[in-house]
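Have a look at the structure below before the remarks.
What follows draws every value from the coordinates through simple rules; no lab data is involved. None of the values given here were measured: they were computed from a predicted structure. Glycine gets a Cβ as well: all are built from the backbone with ideal geometry, and neighbour counts include every protein chain shown.
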Amino acid sequence: MKKIIINGASGKMGKLACEIIPQQEDLILAGKAGRNDNLAKIIQSSHADIVVDLTRADCVFQNALNIIENNAHPVIGSSGLTQDQIRQLTQLCEVKNLGGIIVPNFSIAAVLMMQFAEKAAQYLEDVEIIEAHHAQKIDAPSGTALKSAELIAAARKKVQTPIDEMESIPGARGGKHHGIAIHSLRMAGFLAEQRIVLGNLGETLTITHTNIDRIAYMPGLLLACRKVSELNGLVYGLEYIMD
Ligand SMILES: NC(=O)c1ccc[n+]([C@@H]2O[C@H](COP(=O)([O-])OP(=O)(O)OC[C@H]3O[C@@H](n4cnc5c(N)ncnc54)[C@H](OP(=O)(O)O)[C@@H]3O)[C@@H](O)[C@H]2O)c1
């Protein structure tokens, strides 16, 4: 039986995780934490094995350090970690010999979207990403968009020849990550959606993932809780534990 703490327990994702975990026979909800709690003390007093972080981009790094320093396995669902922060956390997990996972998207279908895009990017030269989220999301672009760009960039065989673009409004062509433009929408009407648009001479391929309910994240979150203690160090992406 694995003991789990949810950090960010009163948030939208946190509340759902706190409902779902007690319904599992092999997992125990050992504690809930929020902005005004001392996470280290809660980890120590509950002897938790795992902390799932579902907080915010502006505190996730500090939370992750705290979790690892207190020898609990981190399952980081919050978005907003920078590449440098991920490197630091990876090193710390290595030193502590602790398994952990950062999951930019707990949705199984979203992971499949990224894998399909990786395959398509081997054949279609031009790629851009359009992601859309609810208006309360503070960070942009989404962790999923960043991860998608990284996977696609690594899979591409040819890169489009850059031309000298002229933006009359800065940002009109999106923000670039690993050479791939990402366009972020934040508005009512969306929960989470991502379109990966690939272009070739005379044709386009659009791969779209649409999330209409946060329940879609729960199977991946439970999977991460079940597998994280078996991991060797810190991994980035649900695909590491899906097969
Ligand atoms: N990986 C995925 O698949 C996935 C899916 C959806 C969302 N997310 C990410 O998960 C995070 C949570 O999303 P959400 O929609 O649940 O957001 P939310 O409703 O705003 O919840 C965030 C929660 O974190 C709490 N919090 C803020 N600062 C904290 C701190 N320093 N320590 C502990 N708790 C703190 C907030 O408390 P207050 O209310 O007091 O501020 C709130 O309860 C976001 O980063 C989001 O981007 C990831």
Using unit Cβ charges (K, R positive; D, E negative) and no other charged atoms, how large, in debye to the nearest 20, is the dipole of region 72-170 about its Cα centre? 500 debye
Site residue 109, offset 7 angstrom along Cα→Cβ, radius 14 Å on amide nitrogen, limited to region 202-243, gives 207-220
Each label sits 7 Å from Cα toward the beta-carbon; between residue 94 and residue 126 the label points are separated, in nm, by 4.0 nm
With θ set to phi - 60° and the Karplus curve 6.51 cos²θ - 1.76 cosθ + 1.60, what are the ³J(HN,Hα) couplings of region 233-243 in order, to the nearest whole Hz, using x for Gly and Pro? x, 9, 10, 10, x, 5, 4, 4, 10, 6, 9
Would you work out which of 72, 132, 57 lies farthest towards the positive end of the dipole of the chain? Charges go on Cβ: Lys and Arg +1, Asp and Glu -1. 72
Between residue 69 and residue 40, what is the label-to-label distance in nm when each label sits 7 Å out along the Cα-to-Cβ direction? 0.5 nm
Quote the relative contact order of the chain in percent (integer), defining contacts as alpha-carbon pairs under 8 Å separated by 6+ residues. 22 percent
Potential extension, residue 201-residue 119 segment - 0.36 nm per residue separation minus Cα distance: 27.8 nm
Which whole-Hz ³J(HN,Hα) couplings does region 99-107 yield from phi under the Karplus relation 6.51 cos²θ - 1.76 cosθ + 1.60, θ = phi - 60°, glycine and proline marked x? x, x, 9, 9, 10, x, 8, 6, 6
Label points 7 Å out from Cα along the Cβ direction at residue 181 and residue 154: separation in nm? 2.6 nm
Using a Förster radius of 30 Å, what is the FRET efficiency between residue 166 and residue 230 based on their Cβ-Cβ separation? Nearest 0.05, please. 0.05
Taking the Cα centroid of region 100-122 and of region 28-46, what is the distance between the two, rounded to the nearest whole Å? 31 Å
At a Förster radius of 30 Å, what calculated FRET efficiency corresponds to the Cβ-Cβ distance of residue 12 and residue 83, to the nearest 0.05? 0.70
Dipole magnitude of region 105-243 about its Cα centre, charges +1 at Lys/Arg Cβ and -1 at Asp/Glu Cβ only, in debye to the nearest 20? 280 debye
In vacuo Debye scattering of the chain, one point per C-alpha: log10 I(q)/I(0) at q = 0.12, 0.13 Å⁻¹? -0.69, -0.80
Kindly provide the helix-only [θ] at 222 nm of the chain, computed as the sum of -39,500 (n - 2.57) over DSSP H runs of four or more divided by all residues, to the nearest 500 deg cm²/dmol? -10000 deg cm²/dmol
Here P(r) for region 97-183, Cα-Cα distances in 10 Å bins, as whole percents, is 15, 43, 30, 10, 1, 0
